[in-house]
Amino acid sequence: MKKWVKSLAISLALPGLLLMGCGGGNGGGSATTNAPKGDAPAGVQERKIKVGIGLNEDHPEGQGIKKFKELVEQKSGGKMQVQNFFSATLGDDQKMTEALQGGLQEVTVPSTSPLVGMIKEYGVFDFPFIFNTEQEAHAVLDGPVGQKLLDKLPEHGLIGLAYWENGFRNLTNSKRPVNTPQDFQGIKLRTMQNEIHLEAFKALGANPTPMAFSEVFSALESKTVDGQENPLATIKSNKYNEVQPYLSLTKHVYTPFVFLVSKKFWDGLSPEEQKIMKEAAVEAGKYQREVNFKENAKAVEDLKAAGMKVNEVSDENRQKMKEAVQPVIDKYSKEIGKDLVNEMMAEIEKARKK
């Protein structure tokens, strides 16, 4: 499969999609709905809501925004209609977030990492080897630390309604299995444009190379880079197994998604409409986390069956990797704020004792 062909087709289609405004073009989740419009609660008006994500329709995030559409249209009696755009049709995470700030798009659900340039405190979720389980991460996200970070969004033209799950990031490459810190040496690794990620991989001896997500498959195929790192569901849905023989379950970073709404749009909603949006984002988020957890477990077996050589990384070696990147964590803890970092670590310890 040539990913650049798909990207070209999407690029050519984009002007038409934008001219269409809120009609059609959502890859299986059309703006029309069967929900009866006569059953809408008081205070609910006819609304069109564009939701864009970078991943495809089959990914757990794609399934999550389809659930969000279903819930919003059901709760609003069909008056609030959601139009979903997948596979970065409306741009990458940064462009869609900027579109929300400008009032040109209503919803996106990006990873938290691209927000770090705007709100440095979101960098706490980029610290490597901090979380051991999804449950520890959920305790932080759904608790006071997660809410403190959501509270920082409105001054930047954004409203955060919930955290969804991208999940633990793992390493694929074309060189060798990665079991120890030494195995990272010299691997040219595609990463996001994120300073914490870049410095952490340098500390492990890799050669991190920032690159747009849409370019990753072709870069792996052409050997422009040796490897990449992403959650399992993303590795599977983007078919990286076709160009990467090795998958190492490093679980080096846990990345959340954050459900963002344009503040310009949000401020124009009635309290009843805001309630519908909030409830749907939280309910769809719980559903999306469950789908993601199941898909990750299945993805390992599917990728093995597709021919990938999969290796677990022992707790001992993960600890050695963490020790190698500890100076990076210490450096950015000071920049982000020790109080917030300490509060997060306390929440993690509390979750581990349950």
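The values are calculated or read from the model by the stated rules, or taken from the named source; none is laboratory data. Computed from a prediction, not measured in an experiment: that's the story for all the values here. Note: ideal-geometry Cβ built from the backbone for every residue, glycine included; neighbour counts use all protein chains shown.
Structural remarks
- Residue count for region 107-163, restricted to those that are touching a Gly at 6+ places or on another chain (Cβ under 6 Å) and modelled with pLDDT under 95: 1
- For region 29-42, the criterion of being crowded, with 20+ Cβ neighbours inside 10 Å, among the hydroxyl-bearing types (Ser, Thr, Tyr) and modelled with pLDDT of 95 or more is met by none of the residues.
- If the condition is being under 17 Å from the mean Cα position of the chain (by Cα) and crowded, with 17+ Cβ neighbours inside 10 Å, then region 179-208 contributes Arg190, Thr191, Met192, Asn194, Ile196, His197.
- Residue in region 244-261 that is in a helix (DSSP H, G or I), at negative phi and under 20 Å from the mean Cα position of the chain (by Cα) present: no
- Any chance Lys304 is free of Cβ contacts under 8 Å to residues at least 24 places away in the same chain, surrounded by fewer than 20 Cβ atoms within 10 Å (Cβ to Cβ) and more than 17 Å from Phe131 (Cα to Cα): yes
- Number of residues in region 59-80 that are buried (at least 21 other Cβ atoms within 10 Å of the Cβ) and either part of a loop (DSSP other than H, G, I, E, B) or free of Cβ contacts under 8 Å to residues at least 60 places away in the same chain (or both) equals 7.
- Listed here are the strands (runs of 3 or more DSSP E) enclosed by region 149-219 that have at least 3 residues being among the hydrophobic types (A, V, I, L, M, F, W, C) and in contact (Cβ under 8 Å) with a residue 60 or more places away in the chain: 158-173.
- Restricting the search to helices (runs of 4 or more DSSP H) fully inside region 265-354 and requiring at least 1 residues that are closer than 21 Å to Gly160 by Cα and basic (Lys, Arg) gives 271-305.
Residues checked against (1) touching a helix residue (DSSP H, G or I) at 6+ places or on another chain (Cβ under 9 Å); (2) surrounded by fewer than 13 Cβ atoms within 10 Å (Cβ to Cβ); (3) modelled with pLDDT under 95:
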residue	(1), (2), (3)
Phe265	yes, no, no
Ser270	no, no, no
Asn292	yes, no, no
Met308	yes, no, no
Gln319	no, yes, no
Pro327	yes, yes, no
Ser333	yes, no, no
